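Asker: Pasting in a structure now, in structure tokens, and then I'll have a few things to ask.
The values are calculated or read from the model by the stated rules, or taken from the named source; none is laboratory data. Treat the numbers as computed from the prediction; the structure is a model and nothing was measured. For neighbour counting, all protein chains shown are included, and Cβ atoms are generated from backbone atoms with ideal geometry for every residue, glycine included.
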Amino acid sequence: MRLTEGRHRATWIGLAIVGVTAFVYWLGNRYYNAGRGDLFYLADAFLHGRTWLEVRLGNWDIIAIGDRIYVPFGPFPAIAFMPLVALVGPVAADVFESGINAALGASAVGLCWMLMGRLGVERVRDRLWLAALFGFSTMNWWVTTRGGVWHTGHLFGSILSFGCLIEIWGRQRPFLIGLMAGAAFLTRAPLAFALPFYALMIDRPATIDLPRAAGGFIRDVATRFPIRAWATMGIAFGISITFFLWYNYARFGSPFESGYGLASLPPFLQVQRELGLFNLRHVPMNLDYLFLKVPGPLSRFPFFKPDGLGMSVFITSPGLLMALGAPWRNTRTWWLAGAAIAVLVPTLLYYGGGWIQYGYRYFLDSIPFLMALCGLAVVRAGRVSTFWSAVILVGVAVNAMGLYWAYNM
């Protein structure tokens, strides 16, 4: 009875956190209009059997072919928005974007709260600190504030990654994990590289009836590894791959052309892309944005000024270093770290850099996995220490200043 009561209490607290977080996010983003509600208009296009937009919402990150406007961004958020757009239309949905993004960003925080419980973080206080770390000391706050097609995709990506991890530490339904991982790929392509690590974290081999003629090696593999679960996960993920290839072919005549190589760009990004969409020459730039970039001094409030290209994660999210305290003798710890690195690699090779940003927004792809490591570190330590609480508060203060720079950068 006490266990059930505790779960109900945690659920209600989690819902309250989502509500409060959504309100805080909305207070910060309600006056900002990115002017790029492409996903709502793409949802409307899907509802009308089109893959192109009939409106031009900006000069950059579009592909104009005749009177058709295509966008290169992952289509899953538009698919998810189809019921809403069918109900209110794309224009009204675009008007409501600040509230929609606030709800999405807060939902990701709620899923983070839920994951911490699955990992074994029992004390409400500790789960609150971890939820604060993700919700207010990472780029989740910034992308919710700025909105627009670039940032809404990040919110969906975090939601889907947390969903996969919750299922891994739950019932481990492989088809559901594969579907969510595929949807994440159709949202943020680098998240596809997390799939092998989801597979490795499944620890429930399914019983497979093998004929006596099967060799000992085959029997050993079948009983030690969840082959059936992996196959099921792959089939589910394959649905998204199939859609991706068809979607590209329907738009550009090639299943392998996503549109990122065709999109219009400002001159400074055009120069970068000419080096290649993915190139080792982009790695130093992205490493600088992620780890080294610091804001410049300013003689008036707030006394520092970011350049909009990036900011070191050690400044914006120092609390993530808590992940180093995870139990590294646990195999799953290494798979989580592997997933965080794997989804980061294509980003480091990418030409874009993420501009304009307060921090390094592409790192959001890795953060759900790092949050899981932070949760495991807290389970191992027994609590969030005073030191780490203070570190998280520093990150919250830094990201709170992002509200000012969202309107003044």
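Asker: Of all residues in the range 254-279, which are surrounded by fewer than 17 Cβ atoms within 10 Å (Cβ to Cβ) and assigned to a helix (DSSP H, G or I)?
Answerer: Within the range 254-279, Pro267, Phe268, Gln270, Val271 qualify.
Asker: Restricting the search to the range 280-293, which residues are surrounded by fewer than 12 Cβ atoms within 10 Å (Cβ to Cβ) and of a type in the set (A, V, I, L, M)?
Answerer: Within the range 280-293, just Leu280 meets the criteria.
Asker: Within 30 Å of Gly382 (Cβ to Cβ), crowded, with 24+ Cβ neighbours inside 10 Å, within 12 Å of the chain's Cα centre (by Cα) and touching a residue at least 40 places away in the same chain (Cβ under 8 Å): is that true of Ala194 in this structure? Spell out the reasoning first.
Answerer: On the way: within 30 Å of Gly382 (Cβ to Cβ): yes; crowded, with 24+ Cβ neighbours inside 10 Å: yes; within 12 Å of the chain's Cα centre (by Cα): yes; touching a residue at least 40 places away in the same chain (Cβ under 8 Å): yes.
For Ala194, the condition - within 30 Å of Gly382 (Cβ to Cβ), crowded, with 24+ Cβ neighbours inside 10 Å, within 12 Å of the chain's Cα centre (by Cα) and touching a residue at least 40 places away in the same chain (Cβ under 8 Å) - is met.
Asker: Please specify each residue of the range 30-51 satisfying the condition of being of a type in the set (A, V, I, L, M, F, W, C) and either in contact with a Cys (Cβ under 6 Å, 6 or more places away or on another chain) or farther than 21 Å from Pro83 by Cβ (or both).
Answerer: Here is the first cut: in the range 30-51, the ones of a type in the set (A, V, I, L, M, F, W, C) are 34, 39-40, 42-43, 45-47.
Matches in the range 30-51: Ala34 only.
Let's see how each residue does on (1) closer than 23 Å to Gly120 by Cα; (2) touching a residue at least 12 places away in the same chain (Cβ under 8 Å); (3) out of contact with any strand residue (DSSP E or B) (no Cβ under 8 Å at 6 or more places or on another chain):
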site: Tyr360; (1), (2), (3): no, yes, yes
site: Phe369; (1), (2), (3): yes, yes, yes
site: Val379; (1), (2), (3): yes, yes, yes
site: Leu403; (1), (2), (3): no, yes, yes
site: Asn408; (1), (2), (3): no, no, yes
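Asker: Which ones in the range 9-45 are in a loop (DSSP other than H, G, I, E, B) and either free of Cβ contacts under 8 Å to residues at least 60 places away in the same chain or charged (D, E, K, R) (or both)?
Answerer: Residues satisfying the conditions are Arg30, Arg36.
Asker: Would you mind telling me which numbered condition in (1) touching a strand residue (DSSP E or B) at 6+ places or on another chain (Cβ under 7 Å); (2) not in a helix (DSSP H, G or I) Asp61 fails?
Answerer: Answer for Asp61: the failing condition is (1).
Asker: Within the range 91-106, does at least one residue satisfy the condition of being assigned to a loop (DSSP other than H, G, I, E, B) and either in contact with a strand residue (DSSP E or B) (Cβ under 9 Å, 6 or more places away or on another chain) or at positive phi (or both)? Lay out the reasoning, then the answer.
Answerer: Start the filter on the range 91-106 by keeping residues that are assigned to a loop (DSSP other than H, G, I, E, B), which leaves 96.
Keeping just the survivors that are either in contact with a strand residue (DSSP E or B) (Cβ under 9 Å, 6 or more places away or on another chain) or at positive phi (or both) gives none.
The answer is no, given that none of the residues of the range 91-106 is assigned to a loop (DSSP other than H, G, I, E, B) and either in contact with a strand residue (DSSP E or B) (Cβ under 9 Å, 6 or more places away or on another chain) or at positive phi (or both).
Asker: So Arg251 clears everything in (1) crowded, with 19+ Cβ neighbours inside 10 Å; (2) touching a helix residue (DSSP H, G or I) at 6+ places or on another chain (Cβ under 7 Å); (3) not in a loop (DSSP other than H, G, I, E, B) except one condition, right? Which one?
Answerer: Arg251 satisfies every listed condition except (2).
Asker: Would you check if Ala323 is of a type outside the set (D, E, K, R), closer than 26 Å to Arg380 by Cβ and in contact (Cβ under 8 Å) with a residue 40 or more places away in the chain? Before you say what the answer is, go through the steps one by one.
Answerer: Numbers: of a type outside the set (D, E, K, R): yes; closer than 26 Å to Arg380 by Cβ: yes; in contact (Cβ under 8 Å) with a residue 40 or more places away in the chain: yes.
The answer is yes for Ala323.
Asker: So in the range 113-163, with the set limited to residues that are of a type in the set (Val, Ile, Thr) and outside any helix (DSSP H, G or I), which one is farthest from Val95 (Cα to Cα)?
Answerer: Once the filter is applied, the top-ranked residue is Val121.
Asker: Restricting attention to the range 106-135, and to residues there that are aromatic (Phe, Trp, Tyr) and more than 15 Å from the chain's Cα centre (by Cα), which single residue is surrounded by the fewest Cβ atoms within 10 Å (Cβ to Cβ)?
Answerer: First, the residues of the range 106-135 that are aromatic (Phe, Trp, Tyr): 113, 129, 134.
So of that shortlist, the ones also more than 15 Å from the chain's Cα centre (by Cα) come out as 113, 129.
Working: Trp113: 27, Trp129: 23.
For the range 106-135, the residue satisfying everything is Trp129.
Asker: Do we find a residue being part of a helix (DSSP H, G or I) and within 20 Å of Gly19 (Cβ to Cβ) anywhere in the range 167-175?
Answerer: Let us first name the residues in the range 167-175 that are part of a helix (DSSP H, G or I), namely 167-168, 174-175.
Now restrict to residues that are within 20 Å of Gly19 (Cβ to Cβ): none.
There is no residue in the range 167-175 that is part of a helix (DSSP H, G or I) and within 20 Å of Gly19 (Cβ to Cβ).
Asker: Something else about it: Being among the aromatic types (Phe, Trp, Tyr), assigned to a helix (DSSP H, G or I), surrounded by fewer than 23 Cβ atoms within 10 Å (Cβ to Cβ) and at pLDDT below 95 is the requirement here; does Phe217 meet it?
Answerer: Values: among the aromatic types (Phe, Trp, Tyr): yes; assigned to a helix (DSSP H, G or I): yes; surrounded by fewer than 23 Cβ atoms within 10 Å (Cβ to Cβ): yes; at pLDDT below 95: yes.
Yes.
Asker: With Ala102, Ala64 as the choices, which residue is touching a residue at least 24 places away in the same chain (Cβ under 8 Å) and surrounded by 19 or more Cβ atoms within 10 Å (Cβ to Cβ)?
Answerer: Only one candidate qualifies: Ala102.
Asker: Right, another one. Answer yes or no as to whether Gly310 is assigned to a loop (DSSP other than H, G, I, E, B), surrounded by 15 or more Cβ atoms within 10 Å (Cβ to Cβ) and not acidic (Asp, Glu). Before you say what the answer is, go through the steps one by one.
Answerer: Values: assigned to a loop (DSSP other than H, G, I, E, B): yes; surrounded by 15 or more Cβ atoms within 10 Å (Cβ to Cβ): yes; not acidic (Asp, Glu): yes.
When the stated conditions are applied, Gly310 passes them.
Asker: Considering Val391, Val343, Val398, which residue is of a type in the set (Val, Ile, Thr), closer than 16 Å to Leu195 by Cα and in a helix (DSSP H, G or I)? Lay out the reasoning, then the answer.
Answerer: Working: Val391 fails: closer than 16 Å to Leu195 by Cα; Val398 fails: closer than 16 Å to Leu195 by Cα.
None of the others qualify; the one that does is Val343.
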